[in-house]
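Reading through the structure tokens given below for one structure.
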Amino acid sequence: MPDLKPVDKPKQLFVEGRDPEEFFTALLREMGMAEEMQIQNFGGISELPNSLQEFQDLLRAVQIAPGTQGSLFPEINSLGIVCDTERFRSPTDAFRSVRGALHGAGLTAPSQIETFEGSNPKVGVLILPDATTRGMLENLCLRSVESDPVMQCIDEYFNCIERQVGSLPGNMAKARVQAFLASKPEYVPHLGLSAHRGYWEWDDPAFDHIKQFLSNL
């Protein structure tokens, strides 16, 4: 079951798991937006419907401020949901699942990925790694370091494994991320924590669409 934090900021960002929570915390700090946005961890896509319903319950508990004319959302003006596509056939399927959860909770379901619709709150959905590619946050982070010389070493490492073992890890994105993190002077085993250490290239174009989504939230 979801266990959301009490709503205390006007912008709410729902993310799928601990690593994305830490990653987006670090990115928002980098963008200077940490104080205006609250991150909620909804756990996993199967838990999203319950999380959104709990979110509705939290909003109902918020004290209605004078002049809101009984609005259900007196303090929340925007909601963003971030979902990867690892467990879906395509980004479209992932988006369809999120829209279904939003409809079920009585919230606005945007008609397109990375666009915001509705009001009080406006709602947007960000699909990772992007709107057309199946994958996850790890794929996106790896794009940001494609030009890092260590990536050639990582390619050679996995080529060697395939030659010697005859197979590769089931989740290559996660395996490559771990190999990349192992190349750092101070190894941290989690993608989210590595974001706090500045191990990913925030200025790389790979993150542009995420930054734009967060800026629009």
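The values are calculated or read from the model by the stated rules, or taken from the named source; none is laboratory data. Please read all numbers here as calculations on a predicted model, not as lab measurements. Note that each Cβ is placed from the backbone with ideal geometry, even for glycine, and that neighbours are counted across all protein chains shown.
If we keep just the residues of the stretch 133-162 that are of a type in the set (S, T, N, Q) and over 30 Å from I113 (Cβ atoms), which is surrounded by the fewest Cβ atoms within 10 Å (Cβ to Cβ)? Within the stretch 133-162, the match that is surrounded by the fewest Cβ atoms within 10 Å (Cβ to Cβ) is Q152.
Selection within the stretch 175-205: residues that are over 14 Å from the mean Cα position of the chain (by Cα) and of a type in the set (A, V, I, L, M). The member of this set that is nearest to C141 (Cα to Cα) is V177. Within the stretch 198-217, track down each residue that is farther than 11 Å from L27 by Cα and among the aromatic types (F, W, Y). If the condition is that a residue be farther than 11 Å from L27 by Cα and among the aromatic types (F, W, Y), then Y199, F213 are the ones that fit.
Being touching a Cys at 6+ places or on another chain (Cβ under 7 Å) and aliphatic (A, V, I, L, M) is a condition met by no residue of the stretch 103-123. Residues that are farther than 19 Å from D93 by Cα and either outside the structural domain of G100 (by TED's automatic domain parsing) or not in a helix (DSSP H, G or I) (or both) within the stretch 28-49 comprise G32, M33, A34, E35, E36, M37, Q38, I39, Q40, N41, listed in sequence order. Scanning the stretch 172-195 for residues that are part of a helix (DSSP H, G or I), touching a residue at least 12 places away in the same chain (Cβ under 8 Å) and more than 22 Å from I127 (Cα to Cα) returns A179, F180, L181.
Screening A195, A173, A179 for residues that are within 17 Å of L28 (Cβ to Cβ), at pLDDT 95 or above and surrounded by 13 or more Cβ atoms within 10 Å (Cβ to Cβ) leaves exactly one candidate, A195.
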